[in-house]
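**Q** Let me begin by handing over the structure; questions about it come next.
The values are calculated or read from the model by the stated rules, or taken from the named source; none is laboratory data. Please read these numbers as outputs of a predicted model, since none were measured by experiment. Every residue, glycine among them, receives a Cβ derived from its backbone with ideal geometry; neighbour counts consider all protein chains shown. Accessible surface areas use protein heavy atoms only, side chains included; no ligands, DNA or RNA. Shrake-Rupley method; radii C 1.70, N 1.55, O 1.52, S 1.80 Å.
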Amino acid sequence: MKALVYHGPGQKAWEDVPDPTVIDPTDAVVRMETTTICGTDLHILKGDVPAVTAGRVLGHEGVGVVTEVGPDCSKVKVGDRVIISCVTKCGTCEYCRSGMTSHCQTVGGIGWIFGHLIDGTQAEYVRVPFADNGLIPLPDGVSAEQGTMLSDILPTGFEIGVLYGAVKKGDVVAVVGVGPVGLAAVMTASAQGAAKVIAVDGNKFRLEQSRDFGATDTIDVNAGDDVVAKLKELSRDGLGVDVSIEAVGIPATFTLALDSVRPGGHVANVGVHGESVEFPIERDWINNLTITTGLVNATTAPELLERIQQGEIQPEKFITHRFTFDEIDAAYETFSHAADEHALKVIISQT
């Protein structure tokens with residue numbers, strides 16, 4: 001089969017590799033219909049994730065059809081159309097039973113293994129461990145493209161942004177950074193009943209798009225205004241937003257999220273940080289803040305599927321560009337220059 005193989009920093013190739021097979025009795029093999037590219041894949045290609053070694057097939061998202069199952073699979077069967085969860089979970093360890101599947105101990109304490117510790121989904125076929133837990137049936141009426149957005153970005157924005165941020169009806173929510181995951185937080189915060197969802201970014205295209213995802217207000221950080229002051233002006237009493245969702249992952253945006261939240265508010269960090277941030281505890285110990293971090297558990301996909309079927313959320317809005325598998329290099333070129341190309345998410349399909 002063909003797959004996108006990592007060969008070290010800055011090097012990748014769409015090339016022939018051996019077909020995956022069932023190794024463990026809980027495995028399944030899936031023929032991929034659609035996949036996509038995540039910002040994490042770009043970090044890997046830069047050499048930022050040393051656990052990813054040369055020869056690894058990249059990718060951790062997608063939809064496909066089950067072609068083979070191990071003898072211990074009781075839920076999935078050959079012929080099922082399925083969403084591949086980005087998080088692998090045994091379902092029986094303490095962390096899985098508590099709902100924190102991102103730290104599944106059976107797979108080594110980190111549930112993100114596709115395209116990281118094992119071969120991933122940017123391929124014609126993929127082996128899926130613990131398939132009964134990691135494959136989600138794709139219902140009739142939900143497209144493969146919609147389903148692909150449920151592998152990672154929609155659950156990430158919803159779980160780590162909206163749910164960890166405890167967004168409730170009537171809240172004023174700031175989303176700092178409206179790339180794909182930030183837009184997922186915008187979309188699901190709006191569906192959760194937030195009274196205002198304020199998109200904060202420096203990219204005019206993303207700010208414009210955020211309105212279609214449910215943002216009620218936008219703030220351009222490059223406009224020269226005091227962003228914290230503007231966020232407080234948009235809060236219900238000038239004290240700050242109820243929830244601030246950080247979806248960038250740099251010190252300045254974490255500080256912005258922290259400075260804009262009201263006493264008793266929530267700061268939900270979704271961004272992947274590569275350096276330390278400052279937390280002024282001498283100022284904020286008295287402010288009754290809740291600050292959360294997290295890696296997606298991807299346990300909310302069934303709930304999000306229901307919301308898609310009911311028309312509450314429309315994940316197809318993320319998709320701005322489409323490619324076939326043999327155009328995967330062009331897909332990476334587009335996604336790696338997302339700002340210039342006005343790209344949110346790309347879809348890569350077999351045909």
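**Q** Listed highest first by mean packing, meaning other Cβ atoms within 10 Å per residue, what order do 98-106, 79-87 come in?
**A** Working: 98-106: 18.0, 79-87: 23.3.
Highest-to-lowest ranking by the protection proxy: 79-87, 98-106.
**Q** Still on this structure: Calculate the FRET efficiency for Asp225 and Glu333 from the Cβ-Cβ distance with a Förster distance of 25 Å, rounded to the nearest 0.05.
**A** 0.15
**Q** Give the accessible surface of the chain per residue, rounded to a whole number of Å², with probe radius 1.4 Å and ligands, DNA and RNA excluded. Please report the intermediate quantities before stating the final value.
**A** Numbers: 14480 Å² over 351 residues.
That works out to 41 Å² for each residue.
**Q** Restricting to lysines 8 or more places apart or on different chains, can you count the pairs in the chain with Cα atoms under 21 Å from each other?
**A** Lysine pairs meeting the criterion: 18.
**Q** Hey, any idea what % of the stretch 95-243's accessible area is carbon plus sulfur with a 1.4 Å probe? Intermediate values should be presented prior to the final figure.
**A** Numbers: 2570 of 5260 Å².
That share works out to 49 percent.
**Q** Within the stretch 302-331, name every residue whose backbone N is under 13 Å away from a label modeled 7 Å from Cα of Ser143 along the Cβ vector.
**A** 314-323
**Q** If you take the beta carbon distance between Lys75 and Ile110 as r and set R0 to 30 Å, what does 1/(1 + (r/R0)^6) give as a FRET efficiency, to the nearest 0.05?
**A** Working: r = 24 Å, r/R0 = 0.79.
After rounding, the FRET efficiency stands at 0.80.
**Q** Label-point separation (nm) for Gln11 and His273, each offset 7 Å from Cα along Cα-to-Cβ?
**A** 3.4 nm
**Q** Separate question: Given Cβ point charges of +1 (Lys, Arg) and -1 (Asp, Glu) and nothing else, what value in debye, to the nearest 20, does the dipole of the stretch 48-189 about its Cα centre take? Don't jump to the answer; show the numbers that get you there.
**A** Values: 9 positive and 14 negative charges, 58 e Å.
Taking the Cα centre of the stretch 48-189 as origin, the dipole is about 280 debye.
**Q** Rounded if a/c is under 1.5, else prolate if a/b is larger than b/c, else oblate: which is the stretch 265-351, with a ≥ b ≥ c the root eigenvalues of its Cα gyration tensor?
**A** On the way: a/c = 3.10, a/b = 1.66, b/c = 1.87.
It is oblate, given that a/c is not under 1.5 and a/b is not larger than b/c.
**Q** Give a quick list of GluC sites (Glu not before Pro) in the stretch 217-292 that DSSP marks as loop, anything other than H, G, I, E or B, with at most 10 other Cβ atoms within 10 Å. Show your work: numbers first, answer last.
**A** Details: sites: Glu233, Glu246, Glu275, Glu278, Glu282; in loops: Glu275, Glu278.
The qualifying sites are Glu275, Glu278.
**Q** Compute the signed sum of charges (Lys and Arg +1, Asp and Glu -1) over the other residues within less than 12 Å, Cβ to Cβ, of Arg322. Provide the component values of the computation, followed by the final result.
**A** Details: positive: Lys345; negative: Glu145, Glu316, Glu327.
Around Arg322, the charge tally is -2.
**Q** When the Cα centres of the stretch 91-153 and the stretch 26-90 are compared, how far apart do they sit, in Å?
**A** First find each Cα centre; the distance between them is then 7 Å.
**Q** What percent does the relative contact order of the chain come to when contacts are Cα pairs within less than 8 Å and at least six residues apart? Don't jump to the answer; show the numbers that get you there.
**A** On the way: 843 pairs, mean separation 56.4, N = 351.
Dividing the mean separation by the residue count of the chain yields 16 percent.
**Q** Moving to a separate point now. Report the gain in length on full extension from Glu341 to Glu208: 0.36 nm times residue separation, minus Cα-Cα distance, nm rounded to one decimal. Can you show the working numbers first?
**A** On the way: separation 133, 0.36 × 133 = 47.88 nm, distance 1.47 nm.
Value of the extension gain: 46.4 nm.
**Q** Among [x] 23, 44, 24, 7, 1, 0; [y] 31, 52, 17, 0; [z] 31, 57, 12, 0, only one was calculated for this model; which label is it, if the read-out is P(r) over Cα pairs in 20 Å bins from 0, in percent?
**A** Label [z] holds the value from this structure.
**Q** Continuing with the same structure: Find which of Ile319, Gly62, Val181 sits farthest along the positive direction of the dipole of the chain, computed with +1 on the beta-carbon of Lys and Arg, -1 on that of Asp and Glu, about the Cα centre.
**A** Selected residue: Val181.
**Q** From Cα pairs below 8 angstrom and at least 6 apart in sequence, can you work out the relative contact order of the stretch 201-344, rounded to a whole percent?
**A** Values: 162 pairs, mean separation 22.5, N = 144.
The value is 16 percent.
**Q** Taking 0.36 nm per residue of sequence separation and subtracting the Cα-Cα distance, how much length would be gained by fully extending the chain between Ser98 and Glu303, in nm to one decimal?
**A** Values: separation 205, 0.36 × 205 = 73.80 nm, distance 1.77 nm.
Computed gain between Ser98 and Glu303 is 72.0 nm.
**Q** Can you give the calculated 222 nm mean residue ellipticity of the chain, where each DSSP H run of n ≥ 4 adds -39,500 (n - 2.57) and the sum is split over every residue, rounded to the nearest 500 deg cm²/dmol? Intermediate values should be presented prior to the final figure.
**A** On the way: 13 runs with 89 residues, N = 351.
Value at 222 nm, helices only, nearest 500: -6500 deg cm²/dmol.
**Q** Report the rotationally averaged projected area of the stretch 201-351 based on its alpha-carbon convex hull, in square nanometres.
**A** Working: hull surface 46.3 nm².
Mean projected area for the stretch 201-351: 11.6 nm², to one decimal.
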